[in-house]
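Here it is, the structure in full.
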Amino acid sequence: MTTPKALLGVAALLVALQATAHHSGAMFDDRKSLTLIGTVKTFQWTNPHCWIQVLAPGPQGPVEWSVEMGSPSQLIRGGWKPRSLKVGESIRITIHPMRDGSNGGLYMSATRADGTPIAVPVTNGSVAAASGNPQ
Amino acid sequence: MFSRRFAPILFLTVLVPSVHGASNSAARVRAFASLPDWSGVWLSAAWPLEVSGRVPGGEAQLKEMLQLIRPPPYNATWQARYDEAMKDTAALAARSATFKACTRSFPALMEGPWVFQVVVLPEETLLVFESNQVRHVYTDGRAHPPDDEIWPTRLGDSVGRWEGDTLIIDTIARKQEPVAPRAWASTLSERAHFTERLRMIDPSQLEDRLTIEDPIALAHPWHITLTFKRVAGVNRAIEYDCAENDRNPVVDGKLVITPP
């Protein structure tokens, strides 16, 4: 592989610019998807964004990538928890990379190294129970 | 003997609630019981956010869904001003590429990406947003403050009344600024008057029929219907401190990512 374990895939995505809740998404190149296979350095469960710092092999050794996610509120709705990831855990994560070429991007999807999902989104079926509303 | 010994206790038992207001009056209990139950957590239907913090279809989906970014029905004078602003595509593009929003003004707050709860009380209804913004809608019969006691603010001043299970909200004194993020050329005057009809249309949806009138800027009333979905899997408000770990500063006119 010319880019070890960093699989660059240009996806023919039909969406226009990304749009996040907190800021413009123009910094991310939505025409490209990049899959990183590496280990979790840190998982920041913070506002306004959660971040996964991923160490992925590069030509001269491990390279740190910053992967931007939504807020804790948005992650919880997606089934994530503050300790969904452990430091040192192997992860496969796909991002829309930064347009400026820096080592970062917007989270698209992720699985554990063995392919199992990290989180299961909450379904509408749990609405009544979760809200405590009898309706 | 009995009455003499227990008289102080009886006195305190009767007096304490009335002195400290520890219990609701029967009238307030009845008033509360007559109000609808809008408990739960709600989110604008225009913002089905994913774990990434974005909507599935990106900006294209938002442009289709968001109603406040559509051209307002301006009168000729304000239309000319709007058209002129829309010609400056470079400035609009730069603003769109670098904008950040931790709070929103009304009415954009009602079509924003933050979940909210509705607290219905006899005296007022509070719309408590994840962005730490609160709309107070007073329903105790009060009027807006007089002219010499009111000034434009980002959320304006709201009073309301109930028509059955529909809350009619009347808002004035909104500070002049773009109607919503992405609608950088759309403004309203500080004479803008907002009327909302907020109701539950089914157990999983609230509807807000918003009418905007502005004798200075609009040729006719602007009608918008906003819908809110009950959020699954969330049973409490989650703190949103926008300054906690903001790693997206604007550098040289571009948003970047800074190291942790």
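Could you tell me what a quarter of the Cα convex hull surface of segment A:25-127 works out to, in nm² with one decimal place? Provide the component values of the computation, followed by the final result.
Working: hull surface 28.9 nm².
So the mean shadow area of the Cα hull is 7.2 nm².
If you don't mind, there's one more thing I want to ask. Net charge near B:TRP184, counting Lys/Arg +1 and Asp/Glu -1 over other residues with Cβ under 11 Å of its Cβ?
Working: positive: B:ARG95, B:ARG182; negative: B:ASP88, B:GLU177.
Charge balance in the 11 Å sphere: 0.
Per-residue counts of other Cβ atoms within 10 Å, averaged by peptide: what ranking do you get for A:68-80, B:114-126, B:131-143, highest first? Kindly include the intermediate steps, with their values, before the conclusion.
Working: A:68-80: 23.8, B:114-126: 18.6, B:131-143: 15.3.
The most tightly packed comes first, giving A:68-80, B:114-126, B:131-143.
Separate question: Using a 1.4 Å probe on protein heavy atoms only, how many Å² of accessible area do B and A hide from each other, summed over both chains and rounded to 100?
Working: alone 15210 and 8050 Å², together 19310 Å².
Approximately 3900 Å², summed over both chains.
Given a 1.4 Å probe and heavy atoms of the protein chains only, how would you sort B:ILE172, B:ILE201, largest accessible area at the top?
On the way: B:ILE172 45, B:ILE201 70 Å².
Correct descending sequence by accessible area is B:ILE201, B:ILE172.
Let me have the relative contact order for chain B, percent, based on Cα pairs under 8 Å that are six or more residues apart.
Once divided by the residue count of chain B, the mean separation gives 20 percent.
Can you tally the net charge around B:GLU123? Count Lys and Arg as +1, Asp and Glu as -1, for every other residue whose Cβ sits under 15 Å from the Cβ of B:GLU123.
Values: positive: B:ARG28, B:ARG30, B:ARG135, B:ARG142, B:ARG161; negative: B:GLU124, B:ASP140.
Neighbourhood net charge equals +3.
Could you order B:TRP42, A:TRP65 by accessible surface area, starting with the largest, using a probe radius of 1.4 Å?
The ordering from most to least exposed comes out as A:TRP65, B:TRP42.
For B:ASP147, tell me the accessible area in Å² from a 1.4 Å probe, rounded to the nearest 10.
Estimated to the nearest 10 Å², B:ASP147 gives 140 Å².
In addition: Quick check on the protein assembly as shown: helices-only [θ] at 222 nm, where DSSP H runs of length 4 and up contribute -39,500 (n - 2.57) each and the sum goes over total residues. Nearest 500, please.
Details: 7 runs with 68 residues, N = 395.
Calculated at 222 nm, the ellipticity per residue is -5000 deg cm²/dmol.
Same structure, new question: Going by Cα centres, segment B:36-73 and segment A:27-88 are how many Å apart?
When both Cα centres are located, 24 Å separates them.
In 10 Å bins starting at 0, how do the alpha-carbon pair distances of segment B:145-253 split up by percent?
Going out from 0 Å in 10 Å bins, segment B:145-253 shows 11, 30, 33, 21, 4, 0 percent.
On to the next question. Roughly speaking, to the nearest percent, how much of segment A:25-127's 1.4 Å accessible area is carbon and sulfur?
Working: 2330 of 4220 Å².
Summing carbon and sulfur atoms, their accessible area is 55 percent of the total for segment A:25-127.
Let me ask something else about it. Which shape class, rounded, prolate or oblate, goes with chain B when its Cα gyration tensor gives a ≥ b ≥ c as root eigenvalues, a/c under 1.5 marks rounded, and past that a/b bigger than b/c marks prolate? Spell out each step's value before the answer.
On the way: a/c = 2.35, a/b = 1.76, b/c = 1.34.
It comes out prolate by the Cα gyration axes.
Is there a simple number for the mean count of other chain Cβ atoms within 10 Å of the Cβ of residues in A:64-73, and what is it? Each step should come with its number before you reach the end.
On the way: counts 2, 1, 5, 2, 6, 5, 7, 11, 4, 14.
Per residue, the average neighbour count from other chains is 6.
Here's a follow-up. Return the ratio Rg/(2.2 N^0.38 Å) for segment B:102-163, where Rg is computed over Cα atoms only.
On the way: Rg = 12.4 Å, N = 62, 2.2 N^0.38 = 10.6 Å.
Relative to the 2.2 N^0.38 Å estimate, segment B:102-163 comes out at 1.17.
If I measure Cβ to Cβ between cysteines in the protein assembly as shown, which ones have no partner under 4.7 Å?
Lone cysteines by the Cβ rule: A:CYS50.
Okay, next question. In degrees between 0 and 90, to the nearest 10, how far off the longest principal axis of chain B does helix B:2-20 point, with axes built from Cα atoms?
That works out to roughly 10 degrees.
Same structure, new question: Compute for segment B:41-154: radius of gyration divided by Kirkwood radius, i.e. Rg/Rh, restricted to C-alpha atoms, rounded to two decimals.
Working: Rg = 17.6 Å, Rh = 17.1 Å.
Rounded to two decimals, Rg over Rh is 1.03.
Name the most mobile residue of B:ALA45, B:ALA33, B:ALA192, meaning the one with the largest mean-square fluctuation, in a Gaussian network model of chain B with Cα contacts below 10 Å.
Its mean-square fluctuation being the largest, the pick is B:ALA33.
When Cβ neighbours within 10 Å are restricted to other protein chains, what is their mean count per residue of peptide B:98-107? Present the calculation step by step, with values, prior to reporting the outcome.
On the way: counts 4, 4, 5, 6, 4, 0, 0, 0, 0, 0.
Neighbouring Cβ atoms belonging to other protein chains average 2 per residue here.
Sort A:GLU64, B:GLU130 by accessible area with a 1.4 Å probe, largest first. Walk me through the numbers before you get to the answer.
Details: A:GLU64 60, B:GLU130 15 Å².
Descending order: A:GLU64, B:GLU130.
As a quick test, which of the pairs B:LYS63/B:LYS254; B:LYS63/B:LYS175; B:LYS63/B:LYS100; B:LYS87/B:LYS254; A:LYS86/B:LYS254; A:LYS41/B:LYS63 have an alpha carbon distance above 27 angstrom in this structure? Please list the in-between numbers first.
Values: B:LYS63/B:LYS254 22 Å; B:LYS63/B:LYS175 24 Å; B:LYS63/B:LYS100 17 Å; B:LYS87/B:LYS254 22 Å; A:LYS86/B:LYS254 32 Å; A:LYS41/B:LYS63 37 Å.
Pairs exceeding the cut-off: A:LYS86/B:LYS254; A:LYS41/B:LYS63.
OK, next. Once every Cα of the protein assembly as shown carries one equal point scatterer and solvent is ignored, give the base-10 log of I(q)/I(0) from the Debye formula at q = 0.13, 0.15 Å⁻¹, two decimals.
At q = 0.13, 0.15 Å⁻¹ the computed log10 ratios are -1.12, -1.36.
Can you give the angle from 0 to 90° between the axis of helix B:89-98 and the longest principal axis of chain B, with both taken from C-alpha atoms, to the nearest 10?
Long axis of B:89-98 versus the principal axis of chain B: about 50 degrees.
The values are calculated or read from the model by the stated rules, or taken from the named source; none is laboratory data. Not measured: the values here are computed from a predicted model. Here Cβ is always computed from backbone atoms with ideal geometry, including for glycine, and neighbour counts include all displayed protein chains. In case anyone asks, the SASA skips ligands and DNA or RNA and just uses the protein heavy atoms, side chains included. Shrake-Rupley method; radii C 1.70, N 1.55, O 1.52, S 1.80 Å.
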